[in-house]
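The values are calculated or read from the model by the stated rules, or taken from the named source; none is laboratory data. These numbers come from a predicted model, not from an experiment. All Cβ positions, even for glycine, are placed from backbone atoms using ideal geometry, and neighbour counts span all protein chains on display. Ligands, DNA and RNA are stripped out before the accessible areas are found, and what is left, the full protein with its side chains, is counted by its heavy atoms. Shrake-Rupley method; radii C 1.70, N 1.55, O 1.52, S 1.80 Å.
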Amino acid sequence: MDLRIVTVAERPDLKSSFGNVESEPWPAFMEEDPMALLYYSDVRTAHPEYAFVAYDAEAPDQAVARAYCVPFAWDGDPARGELPEDGWDGVIWRSARDRQLGRRRNLVSALEITVATHLQGTGLSGRMLAAMRENAARLGFEHLVAPVRPNRKHLVPDLPIDAYAALVREDGLPQDPWLRVHVRAGGRIVGTCKRAMVIPGTLAEWRSWTGLPFDTTGPVVVPDALVPVQCSVEQDIAVYVEPGVWVHHPL
């Protein structure tokens, strides 16, 4: 594959979707975070120079990977893990607020790196991360941070995120593959965020998103969820509070 990675500013015509549902790896409920709409609804106009798409030069009209990041204003020291407790959601609303208020953004946060399912495991995610790092440095930033969604955490939903983030292999690298990609790229795990993403919904909505009954009050283990979803039959609501792992990349 003759891979090309460009910003949305360079290729505003190229859609970031992969052409078919089977190539999209995200579970349905992950598309329902209310804060996500704040970002994805205007990413092509608000932050085109912070969004990336990858394509094969032989098929230049079809994306095979995408990556998004946003700038925001922050007073803490990211190298010491002084980062938003509300993780992914927090980065998005702060970036939108800062843009509306005209504040100078001094920190860039990764939001998403997604590779079409048939190309996962080929090293493309690492290349997208490298492009994100290089672009942030080119734009004058000294730090890139990422509220990482560990891609194997869903296999142990009851394990606290701090304990999971501390799991390492014999070579000292994280057990989680996605955290390993970040560390190998030069990142360092500096903390966790217990509420990186919050997805509320009625029980009917959660049934439609997951195919599960949601008919008993208490925690519900949902496939691909990093932690159980908290369900209240009495209040007709279920809430998913996803944790994340903060990784700091000095540029």
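A Cβ distance below 6 Å, combined with a sequence gap of six or more or placement on separate chains, defines the contacts here; from the stretch 162-177, residues that are of a type in the set (D, E, K, R) reach residues that are open to solvent by less than 70 Å² (accessible area, probe 1.4 Å) in the pairs ASP162/THR192; ASP176/PRO150.
Taking ASP42 as the residue in question, decide whether it is under 21 Å from ALA130 (Cα atoms) and either open to solvent by less than 50 Å² (accessible area, probe 1.4 Å) or more than 17 Å from the chain's Cα centre (by Cα) (or both). It is false that ASP42 is under 21 Å from ALA130 (Cα atoms) and either open to solvent by less than 50 Å² (accessible area, probe 1.4 Å) or more than 17 Å from the chain's Cα centre (by Cα) (or both).
Taking the stretch 16-36 as the range and being part of a helix (DSSP H, G or I), touching a helix residue (DSSP H, G or I) at 6+ places or on another chain (Cβ under 7 Å) and open to solvent by 20 Å² or more (accessible area, probe 1.4 Å) as the test, the residues that pass are GLU22, ALA28, GLU32, MET35. Scanning the stretch 202-223 for residues that are touching a residue at least 40 places away in the same chain (Cβ under 8 Å), open to solvent by 70 Å² or more (accessible area, probe 1.4 Å) and either among the basic types (Lys, Arg) or within 22 Å of THR192 (Cβ to Cβ) (or both) turns up just one, VAL221.
May I ask you to verify whether HIS118 is closer than 21 Å to GLN62 by Cα, open to solvent by 50 Å² or more (accessible area, probe 1.4 Å) and of a type outside the set (Val, Ile, Thr)? Here the answer is yes, as HIS118 does meet what is asked.
Taken over the stretch 116-172, the criterion of being closer than 21 Å to VAL6 by Cβ, assigned to a loop (DSSP other than H, G, I, E, B), touching a strand residue (DSSP E or B) at 6+ places or on another chain (Cβ under 9 Å) and small (Gly, Ala, Ser) is satisfied by ALA116 alone.
Which of (1) over 21 Å from the mean Cα position of the chain (by Cα); (2) modelled with pLDDT of 95 or more is the odd one out, the single condition PRO84 does not satisfy? With respect to (1) over 21 Å from the mean Cα position of the chain (by Cα); (2) modelled with pLDDT of 95 or more, PRO84 is out only on (1).
Scanning the stretch 50-66 for residues that are exposed (fewer than 14 other Cβ atoms within 10 Å of the Cβ) and not in a strand (DSSP E or B) yields ALA57, GLU58. If you go through the stretch 67-89 and pick out every residue that is buried (at least 21 other Cβ atoms within 10 Å of the Cβ) and touching a residue at least 60 places away in the same chain (Cβ under 8 Å), you end up with 9. Of everything listed in (1) farther than 29 Å from VAL239 by Cα; (2) in contact (Cβ under 8 Å) with a residue 60 or more places away in the chain; (3) in a loop (DSSP other than H, G, I, E, B), the single unmet condition for ILE5 is (3).
Pairing residues of the stretch 97-124 that are closer than 19 Å to PRO78 by Cβ with residues that are modelled with pLDDT of 95 or more and open to solvent by 40 Å² or more (accessible area, probe 1.4 Å), at Cβ distances under 7 Å and at least 6 apart in sequence or on separate chains, gives ASP98/ARG105; ASN106/TRP74; LEU107/TRP74; LEU107/HIS143. Residues that are over 18 Å from the mean Cα position of the chain (by Cα) and among the charged types (D, E, K, R) occur in the stretch 19-39; there is at least one. Just so you know, in the stretch 224-251 the residues that are buried (at least 19 other Cβ atoms within 10 Å of the Cβ) and of a type in the set (A, V, I, L, M) include one that is farthest from the chain's Cα centre (by Cα), and it is ALA238.
Scan the stretch 184-193 for residues that are open to solvent by 40 Å² or more (accessible area, probe 1.4 Å) and either of a type in the set (Val, Ile, Thr) or assigned to a helix (DSSP H, G or I) (or both) and the total you get is 2.
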